[in-house]
Amino acid sequence: SSNQMWGGRFAAGPDAIMEAINASISFDKRMAAQDIEGSRAHAAMLASAGIITDTDAVAIREGLLTVLSEIDNGEFQYSAALEDIHMNVESRLKDLIGEPAGRLHTGRSRNDQVATDFRLWVRDQTDAVIVGLEALIRALLAQAEAGADWVMPGFTHLQVAQPVTWGHHMMAYVEMFGRDMSRFRDARVRMNESPLGAAALAGTSFPIDRHMTAEALGFDRPAANSLDAVADRDFALEFLAASTITAMHLSRFAEELVIWSSAQFRFVALSDRFSTGSSIMPQKKNPDAAELIRAKIGRIMGAMVGLFTVMKGLPLTYSKDMQEDKEQVFDAADNLMLALAAMTGMVADMTANTKNLEIAAASGFSTATDLADWLVRALNMPFRDAHHVTGTLVALAESKECDLPDLTLADMQSVHEHITQDVFDVLGVHNSVASRVSYGGTAPSQVRSQIARWTKNLNKD
Ligand code: ARG
């Protein structure tokens, strides 16, 4: 039999394969709440504009609440023959209230309906991601506060470069996740326009009030061009782009945690709650959560590339290709939320091994730059010359298999006769980090003022 929603011109129903490729109900049922919210707003507007009666609007709006509770209770019977969430809901509404259900779709199309539902869904997720990012930032701030003075090696090329503080390293991620948060906020501002009432593509001859539905659904305004309103999926692409950048940041941090928790580094102990054992090696404690977080970028960036690829060649306005927008966004959103929650838990639970951090901070001639800077300051040497003298001292220490602070003053003076005992003050890692007081530098005083700034900003909004 032909479709009850659009079957007027059809003599036969679809092939089973057609139904299988066409139906989206298996995944777009996740937008049921948004679909019902949008329809309720539309019905109220139709009545207020005199397009349907108040009695019909009340029947529709209450019937939709019944449908929503059936869905929430798991009683709702989804049907693939009814293709998608929009027609499943409307069809059930018809069972419940009869004829007025058929008036709901006046001045509307599934094209503006799906665009509206999906925007509402992505907007909800955007808000959830922002909350998740804030929780992660707070966990990082707590680590930074605890370890504002702990020294650890800062790396370039994964080679020890200069001593930094644990707090400073944590705050680097606060900056990254803070930018992510602002990217989601920016995206939210742009996505918050209502497509509802664009109808199929051209608008409608009914005297609808798009401002009213926009406001009822929490949008800032109706989208200004009906063609764009039904054709646009930028909001989903921006969500995926922001998600991909966040996932990239999570992946870098996860990689550091994998390295830091290894037996070779022993910088941190991850808690049992976020580790797993091996079925054959009894001694193993593996950082699986960190590894999975590191991997999530694969599917999240995959979703972004996937949706760009779906959208890139589509002529205006709606094409059924666009039904392929949802699953990837759902999957990316789910996995981003999971990764954020796992990272937040791991950060909150992890214990820094301050002794190992400090030993590592002093390794690899990490205060060589401090020594060169001392030569510049104390002996008024040009930095390039100081760099050369320091290099010679590093080579000397290397040949003696000791660190820079273990050289004697006589060793030092054999390379440059004017070096004095004072030089040893700058070779310690604590002095090194304490001296880096330039704005944004690793000195504990700088780190503390950045922690204070972030805490204040977070508590403001
Ligand atoms: N299930 C469809 C989608 O997700 C709804 C819109 C259908 N519109 C249409 N003209 N066939 O895109």
Exercise for review: Spot the failing condition for V122; the list is (1) under 28 Å from the mean Cα position of the chain (by Cα); (2) open to solvent by 30 Å² or more (accessible area, probe 1.4 Å); (3) within 16 Å of the ligand (Cβ to nearest atom), and only one is missed.
Suggested key: (2)
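So if I check each of V433, V437, V447, V429, which one is under 41 Å from the mean Cα position of the chain (by Cα), more than 30 Å from E134 (Cα to Cα) and of a type in the set (V, I, T)?
V429
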Check your understanding: For region 104-119, which residues satisfy the criterion of being over 22 Å from the mean Cα position of the chain (by Cα) and either more than 13 Å from the ligand (Cβ to nearest atom) or crowded, with 23+ Cβ neighbours inside 10 Å (or both)?
Key -> L104, T106, G107, R108, D112, Q113, V114, A115, T116
Study note, to complete from the structure: Residue set A12, A101, A57, A44; condition touching a Ser or Thr at 6+ places or on another chain (Cβ under 9 Å), in contact (Cβ under 8 Å) with a residue 60 or more places away in the chain and away from the ligand (no atom under 16 Å from the Cβ); output residue A44
Check your understanding: Where residues in region 199-224 are of a type in the set (S, T, Y) and within 18 Å of S39 (Cβ to Cβ), which of them is least open to solvent (accessible area, probe 1.4 Å)?
Key -> T213
Revision key, fill the gap. Scanning region 340-367 residue by residue, those within 18 Å of the chain's Cα centre (by Cα) and either acidic (D, E) or at positive phi (or both) turn out to be none
Check your understanding: Based on what the data block shows, is I130 open to solvent by less than 10 Å² (accessible area, probe 1.4 Å) and either assigned to a helix (DSSP H, G or I) or over 30 Å from L68 (Cα atoms) (or both)?
Key -> no
Point to revise | Matching residues, region 289-305, being among the aliphatic types (A, V, I, L, M) and open to solvent by 40 Å² or more (accessible area, probe 1.4 Å) | key: L292, A295, M301, V305
Review point. Within region 408-420, is even one residue closer than 22 Å to P163 by Cβ, without any contact (Cβ under 8 Å) to a residue 12 or more places away in the chain and surrounded by 15 or more Cβ atoms within 10 Å (Cβ to Cβ)?
Key: no
Review point. Residues in region 309-321: is at least one open to solvent by less than 20 Å² (accessible area, probe 1.4 Å), within 16 Å of the ligand (Cβ to nearest atom) and basic (K, R)?
Key: no
**Study point:** Among residues of region 204-250, those that are within 16 Å of the ligand (Cβ to nearest atom) and in a loop (DSSP other than H, G, I, E, B), counted
**Key:** 3
Practice item. Looking only at region 59-69, decide whether some residue is outside any loop (DSSP other than H, G, I, E, B), open to solvent by 20 Å² or more (accessible area, probe 1.4 Å) and within 27 Å of L227 (Cβ to Cβ). Key: no
Study note, to complete from the structure: Within region 179-198, of all residues that are at negative phi and assigned to a loop (DSSP other than H, G, I, E, B), the one surrounded by the fewest Cβ atoms within 10 Å (Cβ to Cβ) is N192
Point to revise | Subset of region 228-286 [at pLDDT below 95 and among the hydroxyl-bearing types (S, T, Y)] | key: S271, S275, T276, S278, S279
**Study point:** Subset of region 331-364 (residues that are surrounded by 21 or more Cβ atoms within 10 Å (Cβ to Cβ) and out of contact with any strand residue (DSSP E or B) (no Cβ under 8 Å at 6 or more places or on another chain))
**Key:** A332, A333, N335, L336, A339, L340, M343, M346, V347
**Study point:** E175, sole failed condition from (1) on the phi < 0 side of the Ramachandran plot; (2) open to solvent by 10 Å² or more (accessible area, probe 1.4 Å); (3) not in a helix (DSSP H, G or I)
**Key:** (3)
Check your understanding: Which condition breaks for I21 when tested against (1) more than 16 Å from the ligand (Cβ to nearest atom); (2) open to solvent by 10 Å² or more (accessible area, probe 1.4 Å)?
Key -> (1)
Check your understanding: Does D321 fit the bill of being at pLDDT below 95 and either closer than 30 Å to A202 by Cα or touching a helix residue (DSSP H, G or I) at 6+ places or on another chain (Cβ under 7 Å) (or both)?
Key -> no
Exercise for review: Inspect region 273-288 for any residue being charged (D, E, K, R), part of a loop (DSSP other than H, G, I, E, B) and either within 16 Å of the ligand (Cβ to nearest atom) or surrounded by fewer than 17 Cβ atoms within 10 Å (Cβ to Cβ) (or both) and give the result as yes or no.
Suggested key: yes
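The values are calculated or read from the model by the stated rules, or taken from the named source; none is laboratory data. Note that this is a predicted model, so its numbers are computed, not measured. As a convention, Cβ positions derive from the backbone with ideal geometry for all residues, glycine included, and neighbour counts pool all protein chains shown. We work out accessible area using only protein heavy atoms, side chains counted, and drop any ligands, DNA or RNA first. Shrake-Rupley method; radii C 1.70, N 1.55, O 1.52, S 1.80 Å.
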